[in-house]
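Asker: Just dropping this structure here.
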Amino acid sequence: MPSPTSVFRKGATALITGSAGGVGLAVAKLCASHSMNVILVDNNASKLSEAKTAVSSSGAANVETHTIDVGSISDWNKLKSAVEENGRKLDFLHLNAGIGLNSDWTDTAYFHKIFEVNFFGVVNGINTFFPHFQDNKAEQKAIVVTGSKQGITNPPGNPAYNASKSAVKTIAEHLSFDLSKSSPSTSVHLLVPGWTFTGLTAARGVTEKPAGAWAPEQVAEYLYQKMGEGKFYAICPDNDVDWETDRKRMTWTMGDVVYERLPQSRWREEFKEEATRTMEGMKLGGKQAD
């Protein structure tokens, strides 16, 4: 069985949403470095133009751009027609577009907008291009979905965002299971960045990469590493939080269910001391990431 990284090959075709900057652009450059054809998709036309120049100079065989709203079915249908012109099929699909809006429990529009982009942006992409990846028993193909640690550990503060990323994790897990049966040459991966310095960070007034954050290129490199290891979960550390800390936090979170604690117990005053003490003493088996 070939490595999932064999999808990064000369002449293969990659489509990446949210690729005008950040992690999406870094993954596009990774694809370009392997002489792939790269299709950049984003809702920011001016940034897409800049990204096209950057990806072209990174070695891509060909680069094209499409401006779409990933929450719009009609936009995906137009993109499908453009991609499939002359019988072209995708080899690599990275559903990366996402937003991080915040609001409160009275704002229905906020919940709808988050799910339209973060969740249905993924579902729409899978539904649109699933035929390119199903029943694949030939050359290696891959689908990558960008999730979030907030969709796993569920910290307080942004319920709609956390819920959307939790739903994305569930969808990706089901997709991996189903394609492993019908399409053994198509791998699926959930990319979960840690603290990463992107355009969203800069939009909050942070103009230089904080010491604790990773650069988007490090996230792309980590994805490549985890794909090479045949892993579904690519849960990135950063310069502040290592893999072992992430594992302990995730284990504690699942313990809320197993031990019938109150939800989000790690952030509740009555559990903080126990959570800290337990995680400090926690011994976890299994391979530790580099």
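Every number here is computed from the coordinates shown, using simple stated rules; none is lab data. Since we're looking at a predicted model, the values are computed, not measured. FYI the Cβ positions are ideal-geometry reconstructions off the backbone, even for glycines, and counts take in every protein chain you see.
Asker: Is it possible to state the helix-based mean residue ellipticity at 222 nm for the chain, with each DSSP H run of 4+ residues giving -39500 (n - 2.57), the sum divided by total residues, to the nearest 500 deg cm²/dmol? What is it?
Answerer: Value at 222 nm, helices only, nearest 500: -13500 deg cm²/dmol.
Asker: Specify the residue with the greatest mean-square fluctuation among Thr253, Thr198, Thr276, computed from a Gaussian network of the chain linking alpha-carbon atoms under 10 Å apart.
Answerer: Per the Cα network of the chain with a 10 Å cutoff, Thr276 tops the list.
Asker: Give me the net charge of Ala82's neighbourhood, meaning all other residues with Cβ under 14 Å from the Cβ of Ala82; Lys, Arg count +1, Asp, Glu -1.
Answerer: Result for the neighbourhood of Ala82: 0.
Asker: Counting only DSSP beta bridges with both residues in region 67-224, what percent are antiparallel, rounded to the nearest 5?
Answerer: Close to 0 percent.
Asker: Then there's this: Using packing as a proxy for protection, rank 123-131, 214-222, 267-275 so that the peptide with the highest average count of other Cβ atoms within 10 Å comes first.
Answerer: Top to bottom by mean Cβ count within 10 Å: 214-222, 123-131, 267-275.
Asker: May I ask you to list the lysines whose Cα is less than 22 Å away from that of Lys181, ignoring any residue fewer than eight positions away on the same chain?
Answerer: Lys89, Lys137, Lys141, Lys169, Lys226, Lys231
Asker: Kindly express, to the nearest 10 degrees and within the range 0 to 90, the angle between helix 45-56's C-alpha long axis and the longest C-alpha principal axis of the chain.
Answerer: Value to nearest ten degrees: 70.
Asker: Given the convex hull of the Cα atoms of region 242-290, what is a quarter of its surface area in nm²?
Answerer: 3.6 nm²
Asker: Which order do the peptides 114-122, 60-68 take when ranked by the mean count of other beta-carbon atoms within 10 Å per residue, highest first?
Answerer: 114-122, 60-68
Asker: Quick check: net charge around Glu273, other residues with Cβ under 12 Å of its Cβ, Lys/Arg +1 and Asp/Glu -1?
Answerer: 0
Asker: Something else: Gaussian network model of the chain, Cα springs within a sub-10 Å range: biggest mean-square fluctuation belongs to which of Val258, Val38, Val27?
Answerer: Comparing Val258, Val38, Val27 in a Gaussian network model of the chain, the most mobile one is Val258.
Asker: Sticking with this structure for a sec: Hey, what do the phi angles of region 269-281 turn into as Karplus ³J(HN,Hα) couplings, whole Hz, using 6.51/-1.76/1.60 and θ = phi - 60°, x for Gly and Pro?
Answerer: For region 269-281, the Karplus curve yields 4, 6, 10, 4, 5, 5, 4, 4, 5, 5, 5, 5, x Hz.
Asker: A follow-up question, please. Tell me, what is the FRET efficiency for Tyr233 and Gln134 to the nearest 0.05, using R0 = 22 angstrom and their Cβ-Cβ distance as r?
Answerer: The value I calculate is 0.45.
Asker: With an 8 Å Cα cut-off and a minimum separation of 6 or more residues, compute the relative contact order for the chain in percent.
Answerer: Worked out over the chain, it gives 16 percent.
Asker: Next question, about the same structure. Among residues other than Met282 whose Cβ falls under 14 Å from its Cβ, what is the net charge (Lys/Arg +1, Asp/Glu -1)?
Answerer: Neighbour charge sum, excluding Met282 itself: +1.
Asker: Additional query: I'd like the distance separating the alpha-carbon centroids of region 179-254 and region 51-109, in whole Å.
Answerer: 20 Å
Asker: Okay, moving on. Answer rounded, prolate or oblate for region 138-233, using the Cα gyration tensor with square roots of eigenvalues a ≥ b ≥ c: rounded when a/c is under 1.5, else prolate when a/b is larger than b/c, else oblate.
Answerer: oblate
Asker: Please get the size of the charge dipole for region 242-290, origin at its Cα centre, with Cβ charges of +1 on Lys and Arg and -1 on Asp and Glu, quoted in debye to the nearest 20.
Answerer: Approximately 100 debye in magnitude.
Asker: To continue, here is another question. May I ask you to list the trypsin sites (Lys or Arg not before Pro) in region 93-171 that are in a DSSP loop and have at most 15 other Cβ atoms within 10 Å of their Cβ?
Answerer: Here the sparse-neighbourhood loop sites are Lys137.
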